[in-house]
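The values are calculated or read from the model by the stated rules, or taken from the named source; none is laboratory data. Every value quoted in this text rests on a predicted model; they were computed, and no experiment measured them. Note that each Cβ is placed from the backbone with ideal geometry, even for glycine, and that neighbours are counted across all protein chains shown.
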Amino acid sequence: MRIYPLLVLTMRKSTAAAALTLAVFLQGCGPSESPPPPPPEERSPGFDYAEQTGPENLQELIQNRPGAEAFDFTAYAYDCNGISVIARPQDGELTLMLPERELTLPQVEAASGVKYSDDETVFWGKSINTGTLSVDGEERQCTLNRSETTWVDARIRGVLFRAANTEPRWHIEVRPEQIVMVHQYGEARVEVPNPGVQDEDGLRKRWRVETEAHQLEIVAEQRACTDVMAGEVNPWTVTVTLDGRSYTGCGRDLN
């Protein structure tokens, strides 16, 4: 199931109209009365998607939604008519990281969708995919940049280096204290201590760690790498070898 945690409809009255608005918002659809269910591979057994109830806040939506890990981030990247904006939702407020400043907007009542405003700056929308930003007297239409969101979110969480590939889907994060790899399309997760960078010469760096359960090596070369599926070019070409199996992908320094 898709998740749209940034713009959450606060619903306290159970009316038919509110329930319909919420169903449209959570699915990121148009004004259809019957939003299509998520793809079969994203559904959770035993969960009736046609009878979802409205969450009171962002945390409730993230914690209670089956399969929330599919699109559960702490920060989101938007393209807003030529400027890049990072949005960080918290309970009852939204922090916007603009090119030259950072603003925190409280959530306010809205006739539809979700709205954050400090009377001078407003961010409003009905789904996570699009929104309207009014800042410095100018209104900008914002579109979620899904591929960039994964990198922005990792940097905000303190990740030092990240690499990934779309097909087969996997990603690895070098964090200050540990290295975490998620592979097999999200079904498998490996965590090992971060031994620190080895053999770094500016154009190449390597991490290698061996535990009782796993052998892991990351070799990153500073050579342009194109992720065809995501349509982006990253500065590092990365090979990960986990327990004798190799994975190749693209990476970025994030610190």
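Any residue in the range 213-232 that is under 20 Å from residue 201 (Cα atoms) and in the same structural domain as residue 192 (by TED's automatic domain parsing) sitting within a Cβ distance under 6 Å of a residue that is surrounded by 12 or more Cβ atoms within 10 Å (Cβ to Cβ) and charged (D, E, K, R)? List the pairs, counting only those 6 or more apart or interchain. Final answer for the pair search is 217/208; 219/206; 220/205; 221/204.
Residues in the range 130-140 include at least one that is small (Gly, Ala, Ser), part of a strand (DSSP E or B) and surrounded by 19 or more Cβ atoms within 10 Å (Cβ to Cβ).
Return a yes/no flag: does the range 180-203 have any residue that is in contact with a Pro (Cβ under 9 Å, 6 or more places away or on another chain), surrounded by 12 or more Cβ atoms within 10 Å (Cβ to Cβ), under 29 Å from residue 77 (Cα atoms) and β-branched (Val, Ile, Thr). Working first, answer last.
In the first step, residues of the range 180-203 are kept if they are in contact with a Pro (Cβ under 9 Å, 6 or more places away or on another chain); the result is 183-185, 194.
If we keep only those that are surrounded by 12 or more Cβ atoms within 10 Å (Cβ to Cβ) as well, we get 183, 194.
Applying the additional criterion that residues be under 29 Å from residue 77 (Cα atoms) yields 183, 194.
From what's left, β-branched (Val, Ile, Thr): none.
No; the residues of the range 180-203 include none that is in contact with a Pro (Cβ under 9 Å, 6 or more places away or on another chain), surrounded by 12 or more Cβ atoms within 10 Å (Cβ to Cβ), under 29 Å from residue 77 (Cα atoms) and β-branched (Val, Ile, Thr).
Which condition number does residue 160 fail, the rest of (1) surrounded by fewer than 17 Cβ atoms within 10 Å (Cβ to Cβ); (2) over 30 Å from residue 94 (Cβ atoms); (3) in contact with a strand residue (DSSP E or B) (Cβ under 7 Å, 6 or more places away or on another chain) being met? The failed condition is (2).
Within the range 150-179, the residues that satisfy the criterion of being within 15 Å of residue 234 (Cβ to Cβ) and assigned to a helix (DSSP H, G or I) are 150, 151, 152, 154, 155.
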